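> My questions will all concern the structure given below.
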Amino acid sequence: LLEDIDSNLIGLRVQLHLELAKCEIQLDFLSKAQSHIAKALALDPTIPQEQLTIQLLPGEDPTPFLRPLDRYIVPLAHKLQLKLNIYGDPDVLEDQALLLIEQAREAEGAVRATV
């Protein structure tokens, strides 16, 4: 609805897409989740540096504080990309470990559901 009326509440729209993506992942609709993540990343909820409520140290990069939801969206997008790439194994060991952990979580959830 916010997208249909082209709402100026960009931060709310980004957060809504993030939460919808999480719901879609729980329901195992990974393509829909990836669509919501892409929409969240396409929106620009950048906070003007003057409006930051924290004090930055001299020389500290303000970028992580200007887009606060990216710290949740970017890792989720990366995890979705790994899960959707069913024909290739990740080259990086951390990505392989992430996939194994996710598979173990899913298997544990399936075992609990059957018991």
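> With the requirement that a residue be of a type in the set (Val, Ile, Thr) and surrounded by 11 or more Cβ atoms within 10 Å (Cβ to Cβ), what does the stretch 44-66 give you?
Applying the first criterion (of a type in the set (Val, Ile, Thr)) to the stretch 44-66 yields 46-47, 53-54, 63.
Across the stretch 44-66, the qualifying residues are 46, 47.
> Show the residue pairs meeting these rules: Cβ distance below 8 Å; 6+ apart or different chains; first residue within the stretch 15-28 and under 12 Å from residue 80 (Cα atoms) and open to solvent by 80 Å² or more (accessible area, probe 1.4 Å); second residue among the hydrophobic types (A, V, I, L, M, F, W, C) and in a helix (DSSP H, G or I).
Cβ pairs passing all conditions: 22/33; 22/76.
> Separate question: Name the residues in the stretch 31-82 that are in a loop (DSSP other than H, G, I, E, B) and small (Gly, Ala, Ser), would you?
Applying the first criterion (in a loop (DSSP other than H, G, I, E, B)) to the stretch 31-82 yields 43-48, 52-62, 67-69.
Passing the criteria: only 59.
> Taking only pairs six or more apart or across chains, which ones have beta-carbon atoms under 9 Å, a first residue in the stretch 93-114 that is open to solvent by 90 Å² or more (accessible area, probe 1.4 Å), and a second residue that is at pLDDT 70 or above?
These pairs meet every condition: 106/28.
> Quick one: count up the residues across the stretch 38-80 that are within 19 Å of residue 106 (Cα to Cα) and without any contact (Cβ under 8 Å) to a residue 40 or more places away in the chain.
Filtering the stretch 38-80 for residues within 19 Å of residue 106 (Cα to Cα) gives 75-80.
Right, trim to without any contact (Cβ under 8 Å) to a residue 40 or more places away in the chain and you get 75, 78-79.
Residues in the stretch 38-80 being within 19 Å of residue 106 (Cα to Cα) and without any contact (Cβ under 8 Å) to a residue 40 or more places away in the chain: 3 in total.
> When you go through 82, 69, 41 one by one, which is the residue that is surrounded by 15 or more Cβ atoms within 10 Å (Cβ to Cβ), at pLDDT below 90, under 20 Å from residue 101 (Cα atoms) and not aromatic (Phe, Trp, Tyr)?
Values: 69 fails: under 20 Å from residue 101 (Cα atoms); 41 fails: under 20 Å from residue 101 (Cα atoms).
One residue alone meets the criteria, 82.
The values are calculated or read from the model by the stated rules, or taken from the named source; none is laboratory data. Since we're looking at a predicted model, the values are computed, not measured. A quick note on method: Cβ atoms are made from the backbone with ideal geometry, for glycine too, and the neighbour counts reach across all protein chains shown. Remember, those area values only see protein heavy atoms, side chains included, never the ligands or the DNA or RNA. Shrake-Rupley method; radii C 1.70, N 1.55, O 1.52, S 1.80 Å.
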